[in-house]
Amino acid sequence: MFPERVLLAKAEMAIASGSAPHLTTDSVSAGPGVPPELAGTVTRINEAVVAGELRQAQQLALGLQIHNGQAYGLNHPHTLEANRLQAYIAHLVGDNQLSSAISLQVARSSHRLGDRRAQEDIARAALTWRLLAPSMSSIAFGQELLALWPGIMSIDVSAADAEALTKHRIHLERLIAVVAKHAEK
């Protein structure tokens, strides 16, 4: 597992609590799941995030995403992790449209591969979608999220996860209705 998963978890908790993520140098080194040829890049990305150099982190993450796609293929676990990292950094930079789009793409890929993390990916896409300004494009994006939902739910999930995902879906449906009304005005 890439160390950005730790950073992402901290960021998601911060989003939920309304505070900024507190990142330390304890979380910047590449973890045991990172292949040696990628460890240096992952470490530099995490160091840039910790230092608050988010544009640099974003450029490095994009480079990693492109490299992994070419070296391993678009649906390889390393590429999907790089995409998750890119989505996380896009969110930190404030580009929630990009973050949501990448998370949705990762959810689609994860679902096609039967990866249980598709549920995390769609939840992440829904969380960042909620931060988008009301518009017709945000409605369309929300509808894409809902269209993917039944397939994600078909993956074997625990009762607690199914309940949490159902709550996310219901909340998303309500938000789409509100956004649609606001966009009509």
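Test of understanding: ordering E53, E120, E163, E184 by Cβ neighbours within 10 Å, fewest first, what list do you get? The partial results should precede the final answer.
Details: E53 14, E120 21, E163 11, E184 8.
Neighbour counts put them in this order, fewest first: E184, E163, E53, E120.
Indicate the gyration tensor shape class of the stretch 60-118 (rounded, prolate or oblate), computed on the Cα atoms with a ≥ b ≥ c the square roots of the eigenvalues: a/c under 1.5 is rounded; otherwise a/b larger than b/c is prolate and the rest oblate. Show your work: numbers first, answer last.
Values: a/c = 2.49, a/b = 1.21, b/c = 2.06.
The shape class here is oblate.
Spin-label point model (7 Å from Cα, Cβ direction): what's the S135 to R55 distance in nm?
In this crude spin-label approximation the distance works out to 2.1 nm.
In nm, give the distance between the simple-model label positions of I170 and R116, each being 7 Å from the Cα along the Cα-to-Cβ direction.
About 2.4 nm separates the two model spin labels.
Using only the Cα atoms of the stretch 115-185, build the gyration tensor, take square roots of its eigenvalues as a ≥ b ≥ c, and label the shape rounded, prolate or oblate: rounded if a/c is under 1.5, else prolate if a/b is larger than b/c, else oblate. Mind showing how you got there, number by number?
Working: a/c = 2.58, a/b = 2.24, b/c = 1.15.
Since a/c reaches 1.5 and a/b is larger than b/c, the shape of the stretch 115-185 is classed as prolate.
How would you classify the stretch 45-166 from its alpha-carbon gyration tensor, with a ≥ b ≥ c the square roots of the eigenvalues: rounded for a/c under 1.5, else prolate if a/b is greater than b/c, otherwise oblate? Please report the intermediate quantities before stating the final value.
On the way: a/c = 1.90, a/b = 1.31, b/c = 1.45.
It is oblate, given that a/c is not under 1.5 and a/b is not larger than b/c.
None of the figures in this text is laboratory data; all of them are computed from the coordinates on show. Only a predicted model underlies this, so the values are computations on that prediction, with no experimental measurement involved. For neighbour counting, all protein chains shown are included, and Cβ atoms are generated from backbone atoms with ideal geometry for every residue, glycine included.
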